[in-house]
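The next block holds one structure in the form of structure tokens; read it before the comments.
What follows draws every value from the coordinates through simple rules; no lab data is involved. Just so it is clear, the model here is predicted, and its values are computed rather than measured. Here Cβ is always computed from backbone atoms with ideal geometry, including for glycine, and neighbour counts include all displayed protein chains.
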Amino acid sequence: MSALSEILRRLNSSVTIPDHLLASLQEDELSALRMLENTIDSNRTWRVMSTKILEVSQMLNAGRASNDVLDTIVRHARSIIGAHIGYISLNDDESGFTNILATAGVVTEGFRNIRMPIGTGILGIVAATNRPAWTYDHAEDPEVSHVDYVDEAVEAEGIRGILGAPIRISGKTVGALLVGDRHPRHYSRDEIMAIELLGAMTAVALDTARVIESQGESVAKLSRSQLELRTHVEELHKLADADSRLLAVLIGDARFEELAEVLSEFLGVQVELWLEESSTFVGDGTRDEWTDAIAAARKHNNTRSVDNRSVLPVEFHGRFLGAICVPKGINDVELRVVGHASAAFAAIALFNEALVDATARKVDDLVYSVAVGTAGNEEALRLKRLTGIDLAQPESLYFLGVNCADPALSRMRLDGLLDGASAVTRHEQHYCVLFQPDRDVATSVRRLVAESSAPVFVAAAPVAGVTEAHEAHDSAMAYLDAAITLGMSGELVTEDTLGAVGLILRADPSALATLVRRSVGALVEYDAAHDTELEATAYQFFLSGHSIPGTARELYLHVNTVRQRLERISRVLGEDWATGERSLDTQLALRIRALARGRSHTGV
């Protein structure tokens, strides 16, 4: 049995791997093993969390007493996070104080019965920001609003680190689910995500308890309002049925299309789901007809109705994931269903995001291997399976460079705007795309240029063959640099469209040297002799559009310093170095030197 096989067997059996086996691995094998271990650990953690969340969901569907459900949630929160205590604290708006509803692991009566003024402690931060909050050390944290008797109770319990997530019902924060540790502690992103999901489940449990309490009151008034009770019971059945179907969506394929179908059937209208990551609708909706309603819902962070359109924004950990759009006004029961559906929406979005991230990492590695010319048959097969790109047909293959300031242009959206098979990877401020268009490349990037809300620069270079792919990659990045420098946005830039710049980029080294020497040679010699940075200042002056303040800002200099340098440059090169016919020669010469020094986009 090989060392790697033995390691994988032990890893699969959760058995410790001896050091001598680890020492036998190559560096890349050891790195891959660590990534696999991290993935297994993360999957194990989320599997445990999913099991416990499913247990809570089953308790809700089974109609278990709300106290039992809340106690279970607190225990699970404490267990999943690995904290010393867990508790649920609710706001009492009438008294202006909070009340602890359920606890786990608490040992002092003072903490168990603590009543805090609303707006203080971690709960106050959670309520103010409407998102999870945590403190590394409660007593020493100046961001936490402190009250003496509260601090004494927390100190008596020995609590230092605290993590809390909001409990929201119908868009309003009514309390928080919190865990605490008897030592200072940082909380990971996974732990914050876990407690926020449990906070959403707590909201469902409390909302269900309120519904049941309301049902009891209705039964007591049966003699006065039989019709009202019958209607209420029907609503409860609808609510329970909707919750069961939402849970089935999560347990099944967890697709947005199924979620929209369930909501559409329940609400009797065609529900649209806005997905922020891809800037697309699930359904037949268009962005224009929903723009105002979505903007209003995001601004107020709750369900809003505009022109008989109801929109519930979906957020997770303070990040806007999308919106549930209903083309009608909705009643209280429908609002509760839509609120519960928002938790399912967030779960599906996060699951899809995890899958996309995992695939993106694989694509990054494959694009890099093509760009540096090391892609073999195995990489080619994996690339075709993941993206549809066929390296066996290089005659229709291109490297694209894309630069756009539009924050909505994500990898997923960029992939959707390109007509053809694409492998998108991000590097620094630009995207590098291995692209196999359905038609000619100019036509296939037209939607990308047309639908971007900010100026977009796109450059392309054909891949003559797999062994020459690195040359195509470097050319595409050089063309992108030239396009940005010359402000050529909104069009596909290739070697042909660059014209003179293209010739210079492909020029003979001696010709380039002559251009540089004649245009800026005196400036280069001056910098070398006087240890100055006039060349860098001149180059940035062009990049900043002849703006002295812009040049100063980019070089972290005072504007007077920039003026003095520009005056010195004029003495060295002549007054017309940045104007008239000499301007292009000077800028091209400076650009050529910058490219030679590696200041252009490099890497994948």
### Task
Quick one: what are the phi-derived ³J(HN,Hα) couplings along region 456-470, Karplus 6.51/-1.76/1.60 with θ = phi - 60°, whole Hz, x for glycine and proline?
10, 10, 10, 10, 9, 9, x, 9, 5, x, 4, 6, 9, 4, 5
### Task
Compare the peptides 401-412, 249-260 by average per-residue count of other Cβ atoms within 10 angstrom and give them in order, highest first.
401-412, 249-260
### Task
Tell me which residues come under 5 Å, amide H to amide H, from residue 491 once H is placed; ignore anything under 5 positions away on its chain.
458
#### Entry: Gyration tensor verdict on region 509-596 (Cα atoms; rounded if a/c is under 1.5, prolate if a/b is larger than b/c, oblate otherwise)
prolate
### Message
Based only on other Cβ atoms within 10 Å, what is the fewest-to-most ordering of 155, 140, 261?
### Response
140, 155, 261
### Task
Sort 263, 381 so that the residue with the fewest other Cβ atoms within 10 Å of its own Cβ comes first and the one with the most comes last.
381, 263
### Message
Restricting things to Cα coordinates, could you compute the convex hull volume per residue of region 63-209 in Å³?
### Response
101
### Query
Could you give the alpha-carbon Rg of region 372-505 over 2.2 N^0.38 Å, rounded to two decimals?
0.99
## Note on the structure
Descending packing, highest mean Cβ count within 10 Å first, for 161-167, 528-534, 133-139, 192-198 is 161-167, 192-198, 133-139, 528-534
### Task
Please arrange 351, 399 by counting, for each residue, the other beta carbons lying within 10 Å of its beta carbon, fewest first.
351, 399
